[in-house]
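This report concerns only the one structure given below.
The values are calculated or read from the model by the stated rules, or taken from the named source; none is laboratory data. No experiment lies behind these values; they were computed from the predicted model shown. With ideal geometry, Cβ positions are generated from the backbone for all residues, glycine too; neighbour counts draw on all protein chains shown.
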Amino acid sequence: MSNEHEKGTVLLADNDPDILELARFRIEQAGYDVITARDGEHALRLIVDCEPDIVILDVTMPKLTGHEVTRQVRLHERVARTPVIILSGSVKQSDIGLSLEAGANDHIEKPFSPTKLLERVKALLAEHRAANRSQQPDGRDR
Amino acid sequence: MGERPDPFRREGLLGRVAPYASITILAAVMAVVTVPPDRRGWVIAALAITSVIVTSPWTIPWQPLPMWTRAIPPLLYFFVVAMLRESQDGFTALVLLPVMWLALHGTRKEVIAAIAGVGATILLPYLLIGGERYQEADLRRLALWVGVSAIIGYTTENLVRNSRRQAAAAARHADELSESEDRTRRILETAQDAFIAMDSQGKITAWNPAAHRIFGWSEQEAIGRELAEMIIPPADRPAHRTGLARFLETGAGPVLDRCVELSALHRNGHEFPVELTISPMKVGDGYAFNAFLRDIRERKQFEDQLAGSEARFRTLTTTAPVGIFETDAAGNCVFVNDRWCELAGMSAEEAHGPGWMEAVHPDDRRRVEGIWRRATPEGNVFSLEYRFARRRGGEVWVSGQAIAVHTGGAITGYLGTVTDITDFRRMEQELREGRSRLQAILDYSPAIFFVKDRRFRYRLVNRRFAQLFDISTQDAVGKCDEDFLDPDAVERVRAKDRRVLETGEPIEHEEVLTIRGKPRDFLIMKFPLLDADGSPYAIGGISTDITERKQAERERGMLAAIVEATQEAVIGKTLDGVVTSWNKGAEKVYGYSGEEAVGRPISFLVPPDAENDVPELLERLKRGETVEAYDAVRRRKDGVQIEVSLSISPVLDDAGNPVAAAVLARDITAHKRAQRYFRVQHSVSRALTQAESVLDVVPMVLRALAEGMGWEIGEFWSVDESAHVLRCNEIWYPSSIDAAEFEAMSRRLEFKPGIGLPGKVWQEEKPIRVVDLLDDENFLPTSVAAKHGLRAAIGLPIRTRDRILGVMVFFTRESKALDEDLVDMMATVSLQVGQFLERKRAEEEADRLKEEFFSLVSHEFRTPLTSIIGYVQLLLEEDGDGLPRAQQLRFLEVIERNGGRLLRLVNDLLLISKVQAGRFSLVPRAVDMDQLALQCVEAARPEADAHGIGLKLGGQVAGPVRGDPDRLAQLLDNLVSNAIKYTPPGERVEVELSNQQDRAIVAVTNTGAYIPPDELAHLFERFYRSSTATSREIPGVGLGLAIAQTIVEAHGGRINAKSTPQDGTTFWAELPREPGGNGGSKSTPTKEVAA
């Protein structure tokens, strides 16, 4: 139960299909459900519609950047607390700052190790769930 | 002898010739007689010649000789004859000699007598005796006859002549006697004195009319009466009678033959004085007496008058202003008057006798005596100037005259006068000194002095004149101008001389005269010398050589001309600063005319609000210092302040003391302004070079301009392009000013174009000056400006070539003269700033682009690398778990594809860097484009498939293309991959090969992608990314098309693009085919390569 409970839905968004496939392969392999998007708008719609447990966004995407999507997510009541990991091809320090400012929980630079990405997803989810439990024990029990 | 006429001087030819002819004839006859016949011819010839020679009246040598010499020839003759003949003949000749002599020197009558005598003596015996019987003895007798008869004849004639002469004398004597008696009687009758004759009894025998007149008795009444009764007063009668009786007894009388005065009695009984001279005359045995009496009543009267006159003379002498003295004949003083005593310093008593000589000055005494001695015997007037040496000291010069006093023919004394001529002597001395002084003055005068007479001859010249013409002063006299000057000059000088003589007025003129070949200037004053009538008799002239002065004048004139011509102000002033001269330059610099400036203190040029530096400058001048290049602020007449550079020199007198000052002033306002502008521009330039960014530069420029130009507040209003307003985003003012409120206001304001000063500048795009803000409606916050006392402002557009970036506005409290230069300078600065801003922005943009590029490049590398590394990691990790083979292959394909992508990217970058470095080159050969396109499409197919894009190759090229196969492959790759990248999934990419004339055309079309025309133009620029690329986050660095174009153009081809929303976008490259080849023949080798 706890295992199943621990698994969840991951939204992956990147305009490069190879990278999208790479991440999806590893995360699905770990037992998560993965939904993917090729641009920012698509990603945001999926987030709102599907309410994934965690969101992984590339920064440079058509239509909406990863940062913009994050900002929108944070403004959206239902999904505002969804953990967001930003993938960035840039190495500029300002990008990390922008990511955090936009409300992302983590920032991973490309190229990244798929295994490491999976570990961060697991950690963030755990953290997120732990936080949810501590905040809403009664509500969930009721 | 002397009284006798010279026979050779007788008049008439006959008179002259006759004596000689007679002698000759006589001599010839004598020769005939005495010389024997056989010798006669010679003798007669010699005689004739001698006679002719000797007696010729024209024989000049004889004329001055004594008369007796004329006797020599006859004597000689006879001597010769005597020698020739017997002694008797000599005797005869000797006897004849006196006859000859007589004949020669007698009167005419005597000569005739002698000739007649001789002739008779010779001829008579001859005639009487007859020729035949004529003997020598007879001849001797004849000669004796001749001599005797001549002597007799002569004697007779003399006797006759003497007796006649005596008879004539007796007759004349008788005549004279009767005349004498008559005369005596007439004398007695007409005499003034009475003549009375009486006999020894005293009875009157003669009584002349004068006696009648004097005594009143007539001749008839007086004759026969006793003299004593008639005219002797009764008292004297006895004495008369006894005196007469005694004379008759003794023959002596006291009154006889003497002139005695006694009283006489007139007929009317009056007695009166007479002068009587009585002389006795013996007549027979008795005596008669002749008496002359003269009435001397008038003389007596005269004598009485004389006595009175002498008294008057005495009075006169005592009171006369001249000294008078009188001496006796021996020179002893008998009288001196008071004046004499006064002059001589000696009393009359002391002068008496020889003492007066003591008064004469010892040095003059000898002279006085000498003259005296010489003058007195001759009775001349003694006249001498001499001195009295006064006893009480002092000398007196006197002029003395003395004249002998004659009484009855003898000198009885001398009368003299002395006149004090001390003053005269002094005047004379002064006159003499004055004359020599005048001479000295004339001689030593630097002027040339001369006097010319009416005929223009020099009568007097001074030494200077003489030196000038190299002549002595004496020699110059009598010369005229012709002797000294050339004809032209003479004419000019003469004209002036004439005018002086004609008008009688002096004239002064300048003349250039050539002296010793050199022209010299003279100032000549000519004046007439007037005689007593006031008419000019001569011309006086004073001439001064003013050559040096004229030269100096000319030089001064030249200097003055330079001073007048110079653009700089040249001002003369006293040491107290009063302007004495003012040239044209000064008028130009200061605007005041000479009339306005001269006489005013120089400090009037100092602006009222500036520090007066004139007193200090004057102090320095008084110390003799020279002030050089001193910069001062002065005010022009129009009130504008100017900056001048002053050079002031003291004018020194001969002793080196400053007496005045010369000021040279140059208007350096423009120069200074230019300097200031240069400094400002320099500081602006420095600010621009030092500024790190656009943000830094504006405050620095504001400060540099405000400080440099003396503005108090500077603002920069930048253009907000989006809002189309001006906003103040920089303001500068010195910390000494409290302009916080002003700043706050400015920062709050926004100006639209045309509003306010900044808006106006923005709109008009040119500098705008506001001389007085309070009067300017454009300046809105008037109250704030007034509060800060801001008066003038200037607004400058900060612009690039094509647009306004902002506006600078400066404010000041002074009312500034905003000259054109200032505006120009500020405009230059603003353009400089604008260009700088533009450049900075461009640089910053370039930096940004570069950063973006690197970011893009980094991204473009990371994306394929992410795939490569990620999949490799997956493969490595999952190796043990045994991934399905198909999965592994798929992973490996992904890795390969991304590797290729990386390689392409690296190639692109390399190519671009080569192009940039100028090292891009082709290795051309024939390339089979069909083959190449096929390879490219196949290589791109996985990518197209991955994106769900259809990829199709069509058409064919007619022949091989001349080119570099690697580059052409890169071209195709770029075009195809670019097309795939921009093509949405489901759309398609078509590669079409075709031909157009000798070119191969490769066209790549992708559907579903539209590029607007404005972007289409930029597509081939490096790093340009279309809006599609950026909005869709399509990866890429914007190099693909730029590289494609570079390659195509390197092959001599062209690349183009077109885009429509319906058909999508097509890029096509035209490439030149291999020349001379066609499709069939050339395709074979290409295919081989491809295979």
Subset of the stretch A:97-117 that is surrounded by fewer than 18 Cβ atoms within 10 Å (Cβ to Cβ) and in a helix (DSSP H, G or I) - its residue that is modelled with the highest pLDDT:
A:Lys116
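Look at B:Glu896 and say whether it is of a type outside the set (Val, Ile, Thr) and without any contact (Cβ under 8 Å) to a residue 24 or more places away in the chain. Break it down into steps so the answer makes sense when it comes.
Working: of a type outside the set (Val, Ile, Thr): yes; without any contact (Cβ under 8 Å) to a residue 24 or more places away in the chain: yes.
It is true that B:Glu896 is of a type outside the set (Val, Ile, Thr) and without any contact (Cβ under 8 Å) to a residue 24 or more places away in the chain.
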Condition met for B:Val659 (buried (at least 17 other Cβ atoms within 10 Å of the Cβ) and on the phi < 0 side of the Ramachandran plot)
no
Give me the pairs: first residue in the stretch B:283-297 and among the acidic types (Asp, Glu), second residue modelled with pLDDT of 80 or more, beta-carbon distance under 7 Å, and six or more apart or on different chains, which are they?
B:Asp295/B:Ile214; B:Asp295/B:Phe272; B:Asp295/B:Val274
Among (1) crowded, with 19+ Cβ neighbours inside 10 Å; (2) closer than 18 Å to B:Met826 by Cβ, there is one condition B:Ala665 misses while meeting the rest; what is its number?
(2)
Take the stretch B:388-435 and flag every residue that is surrounded by 16 or more Cβ atoms within 10 Å (Cβ to Cβ), of a type in the set (Lys, Arg) and outside any helix (DSSP H, G or I).
B:Arg390
How about the stretch B:849-860: which of its residues are within 13 Å of another protein chain (Cβ to nearest Cβ) and charged (D, E, K, R)?
B:Glu851, B:Glu852, B:Glu860
Based on what the data block shows, is B:Leu442 assigned to a helix (DSSP H, G or I) and either within 60 Å of the chain's Cα centre (by Cα) or in contact (Cβ under 8 Å) with a residue 60 or more places away in the chain (or both)?
yes
Looking at the stretch A:83-94, is at least one residue in a helix (DSSP H, G or I), within 28 Å of B:Ser1027 (Cβ to Cβ) and more than 10 Å from every other protein chain (Cβ to nearest Cβ)?
yes
B:Arg623 vs. criteria among the basic types (Lys, Arg), farther than 30 Å from B:Arg520 by Cα, free of Cβ contacts under 8 Å to residues at least 40 places away in the same chain and exposed (fewer than 14 other Cβ atoms within 10 Å of the Cβ)
yes
Could you list, in sequence order, all residues of the stretch A:7-49 that are within 14 Å of chain B (Cβ to nearest Cβ) and among the small types (Gly, Ala, Ser)?
A:Ala13, A:Ala23, A:Ala30, A:Ala37, A:Gly40, A:Ala43
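Considering B:Ser593, B:Ser535, B:Ser543, which residue is at pLDDT 85 or above, surrounded by 16 or more Cβ atoms within 10 Å (Cβ to Cβ) and of a type in the set (Gly, Ala, Ser)?
Testing whether each residue is at pLDDT 85 or above, surrounded by 16 or more Cβ atoms within 10 Å (Cβ to Cβ) and of a type in the set (Gly, Ala, Ser) leaves just B:Ser543.
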Check the stretch B:861-874 and report whether any residue there is more than 9 Å from chain A (Cβ to nearest Cβ) and part of a helix (DSSP H, G or I).
yes
Selection from the stretch A:50-59 of residues that are more than 13 Å from chain B (Cβ to nearest Cβ), crowded, with 19+ Cβ neighbours inside 10 Å and either of a type in the set (Asp, Glu) or out of contact with any strand residue (DSSP E or B) (no Cβ under 7 Å at 6 or more places or on another chain) (or both):
A:Asp53
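Quick check on this structure: which one of B:Val725, B:Val761 is among the hydrophobic types (A, V, I, L, M, F, W, C) and closer than 13 Å to B:Phe810 by Cβ? Spell out how you get there, then give the answer.
On the way: B:Val725 fails: closer than 13 Å to B:Phe810 by Cβ.
When all the criteria are applied, what remains is B:Val761.
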The condition of being surrounded by 13 or more Cβ atoms within 10 Å (Cβ to Cβ), assigned to a strand (DSSP E or B) and not polar (S, T, N, Q) holds, among B:Leu523, B:Leu501, only for B:Leu523
Write out, first by first residue and then by second, each pair whose Cβ atoms fall under 9 Å of each other, whose residues are 6+ apart or on separate chains, and whose first residue, in the stretch B:553-573, is in a helix (DSSP H, G or I) while the second is basic (Lys, Arg) and at pLDDT 85 or above.
B:Val563/B:Lys584; B:Glu564/B:Lys584; B:Ala565/B:Lys584
I'm told A:Glu77 meets every condition in (1) under 21 Å from A:Gly31 (Cβ atoms); (2) in a loop (DSSP other than H, G, I, E, B); (3) more than 12 Å from chain B (Cβ to nearest Cβ) except one. Can you identify the failing condition by its number?
(1)
Is there a residue being farther than 15 Å from B:Val1002 by Cβ, part of a helix (DSSP H, G or I) and modelled with pLDDT under 85 anywhere in the stretch B:944-952?
yes
Just wondering, is there one or more residues in the stretch A:10-29 that are under 12 Å from the mean Cα position of the chain (by Cα), of a type in the set (Val, Ile, Thr), modelled with pLDDT of 90 or more and surrounded by fewer than 19 Cβ atoms within 10 Å (Cβ to Cβ)?
no
Those residues that are of a type outside the set (A, V, I, L, M, F, W, C) and on the phi > 0 side of the Ramachandran plot, I need them from the stretch B:422-476; list them, please.
B:Asp470
Picking from B:Phe836, B:Phe891, B:Phe811, the residue that is in contact with a Leu (Cβ under 8 Å, 6 or more places away or on another chain), at pLDDT 80 or above and within 14 Å of chain A (Cβ to nearest Cβ) would be B:Phe891
